[in-house]
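Reading through the structure tokens given below for one structure.
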Amino acid sequence: MTSKAPCPQGESLQVFKGTFIHATHTSPMETLTPLILGVNRTGKIVFIENVDKEEELSQAWHFQKKNIRVLREREEFFIPGLVDTHIHASQYPNMGTCLDLPLLEWLVRYTFPVESKFKDPKFTEDVYTKLVKRTLRNGTTTACYFATIHTDSTLKLCSIIDNLGQRAFVGKVCMDLNDLFPEYKEKLCESVVETKRFVAELTGREYPLVKPIVTPRFVPSCSSELMQQLGSYASSEGLHIQSHISESRAEVELVKSLFPECKNYTDVYDRHSLLNDKTIMAHGVYLSNDELKVFQKKGAAISHCPNSNISLGSGLFDVRNALHHQVKIGLGTDVSGGYSPSVLNAMRAAIDVTKILGFQSSNYERLTYQEIFRLATLGGSQGDDRNMVEVYVAGKKVVPFPNA
């Protein structure tokens, strides 16, 4: 697997040799060893071959063997970048604190107040810069971010992500209902207009790795008309969609009372054109088998957020059952319901959850660590529009982790 145009000067290449690990659709974890990989000055893979091609590659790409970075055997290896399919950038100031209340009370007491601060440009730049640098240090090369209802501060987040080289979907949060914290909501018309402005301005900037995602917060904070307009807009423009679903029992009961004419929580989103193969829904703890069948039919994905589900006492999501229903699953940190911005931490929490579910049923098929590795890499990309059947191929972007 080699790019067509050799680089004229070897000094512009970084060349690595060693063990590579990735996931495919047919194998949750695959070890490729030994391989040699070259990365050009723009951060793209230009070749990846078996080491027996080293001499040939050295001549073609003009690099000296002494400059090859050889990975230490059994100590160092390459893996794909980690994909965080659900993270609230605006909740970073609360991370690791404020976890003493269940979801709905937690939103009103802690979350809405901190998100309302992002109308301040200085506060916005400081928090978002720290967050994106932190996620990159933790190996997150792709993230699906919730920002706030503030369009300009959400665009600032996009600028910071682009500057630091991370790949991301970023959403301006939409919510026109919030009686318990009325200072943090929009008018219906404002929410739709500002979403369209956000998408237009972000698209116009032509950031290569940062794309918009339509983001109704969740059913209790969105009117039926707002959801319908957002669903229609996303469909007409071919945009991705993200939201929350069935995170806690109290939330599920609230949605039933708000939309008694709908069969279930999933049906609410489906009726408003918000459930399709570009949709990522966070949590899904209490989705029924019938709802999972709808997810599979629509091609919608679920972000499993085990840290948050445990920290807020929401419940345990049965990934195995969702996989049996052939639903696409990725992992999310869900900062700040989750106390860590690390996908590695989400992987550990996912292992804990599958063990706990195993305690409850003697014949339960626990997830393996290899399967969880796939959720954190290839699984997270399935809500994206990339071809990730082969992770290491010429032309893929390598995102370096900054020291800052």
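The values are calculated or read from the model by the stated rules, or taken from the named source; none is laboratory data. Just so it is clear, the model here is predicted, and its values are computed rather than measured. So basically every Cβ, Gly included, is an ideal-geometry build from the backbone, and we count neighbours across all protein chains shown. Accessible surface is based on the protein model in full, side chains and every heavy atom, while ligands, DNA and RNA are left aside. Shrake-Rupley method; radii C 1.70, N 1.55, O 1.52, S 1.80 Å.
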What is the set of long-range amide H partners of L331 at a cut-off below 5 Å, with H atoms built 1.01 Å from backbone N?
T85, H304, G380
For the full complex of protein chains and a 1.4 angstrom probe, list L99, L157 by accessible area with the highest value first.
L99, L157
Report the FRET efficiency, 1/(1 + (r/R0)^6), for Q64 and R348, where r is their Cβ-Cβ distance and R0 is 45 Å, rounded to 0.05.
0.65
Protein-only accessible surface order, largest first, of T368, T31 at 1.4 Å
T31, T368
Could you pull the accessible area for K119 with a 1.4 Å probe, rounded to 10 Å²?
150
List the GluC sites (Glu not before Pro) within segment 11-108 that DSSP assigns to loop and that have no more than 13 neighbouring Cβ atoms inside 10 Å.
E73, E75, E76
Using the structure shown, list the pairs from K293/K355; K117/K278; K187/K297 with a Cα-Cα distance above 28 Å, or answer none.
K117/K278; K187/K297
Evaluate the distance, in nm, between pseudo-label points positioned 7 Å from the Cα of D277 and of K130 along their respective Cα→Cβ axes.
4.2
Segment 82-367: relative contact order from alpha carbon pairs under 8 Å, six or more residues apart, as a whole percent, is 20
Flagged links, alpha-carbon separation over 22 Å, of K119/K156; K119/K196; K44/K65; K122/K196
K122/K196
Most mobile of N67, N307, N94 in a GNM of the chain (Cα contacts under 10 Å):
N67
Could you report the chain's accessible area per residue, 1.4 Å probe, as an integer in Å²?
44
Theoretical gain in end-to-end length, E225 to R72 [0.36 nm per residue, Cα-Cα removed]
49.3 nm
Ranked by how many other beta carbons lie within 10 Å on average, peptides 324-336, 123-135, 163-175 from highest:
324-336, 163-175, 123-135
Tell me the mean residue ellipticity at 222 nm calculated for the chain from its helices only (DSSP H runs of n ≥ 4, each -39500 (n - 2.57), averaged over every residue, nearest 500).
-10500 deg cm²/dmol
Using only the Cα atoms of segment 116-275, build the gyration tensor, take square roots of its eigenvalues as a ≥ b ≥ c, and label the shape rounded, prolate or oblate: rounded if a/c is under 1.5, else prolate if a/b is larger than b/c, else oblate.
prolate
Restricting to the chain, what percent of DSSP beta bridges are antiparallel, rounded to 5?
30
Residue span S236 to D152: 0.36 nm per residue of separation minus Cα-Cα distance leaves a gain in nm of 27.9 nm
Around Y145, which amide H atoms from residues at least 5 apart in sequence, or from another chain, sit under 5 Å from its own amide H, with H modelled in the peptide plane?
F169, V170, G171
Spelling out what I want: for every residue of segment 106-123, take phi, set θ = phi - 60°, compute 6.51 cos²θ - 1.76 cosθ + 1.60 (Karplus), and round to whole Hz; glycine and proline get x.
4, 4, 6, 6, 10, 7, 4, x, 6, 5, 5, 6, 7, 7, 8, x, 5, 4
By accessible area (1.4 Å), largest first, V353, V108, V70 order as V70, V108, V353
Taking loop as defined by DSSP and a crowding limit of 15 other beta carbons within 10 Å, which trypsin sites (Lys or Arg not before Pro) in segment 10-51 fit?
R41
Calculate the tail of P(r) for segment 82-367: the fraction of all Cα-Cα distances greater than 35 Å, expressed in %.
10
Given the C-alpha centroids of segment 182-242 and segment 309-377, what is the distance between them in whole angstrom?
29
Rounded to 10°, Cα long-axis angle of helix 249-258 versus longest principal axis of the chain:
60
Which whole-angstrom value gives the distance between the alpha carbon centres of segment 119-153 and segment 33-66?
35
Between D179 and D52, what's the calculated FRET efficiency when r is the beta-carbon distance and R0 is 51 Å? Round to 0.05.
0.15
Could you please state how large a percent of the accessible area of the chain is carbon and sulfur, counting protein chains only and using a 1.4 Å probe?
50
Once the Cβ-Cβ distance between E253 and T33 is put in as r, and R0 is 41 Å, what FRET efficiency do you end up with, to the nearest 0.05?
0.20
Taking N as the number of residues in segment 97-188, the ratio of its alpha carbon radius of gyration to 2.2 N^0.38 Å works out to 1.14
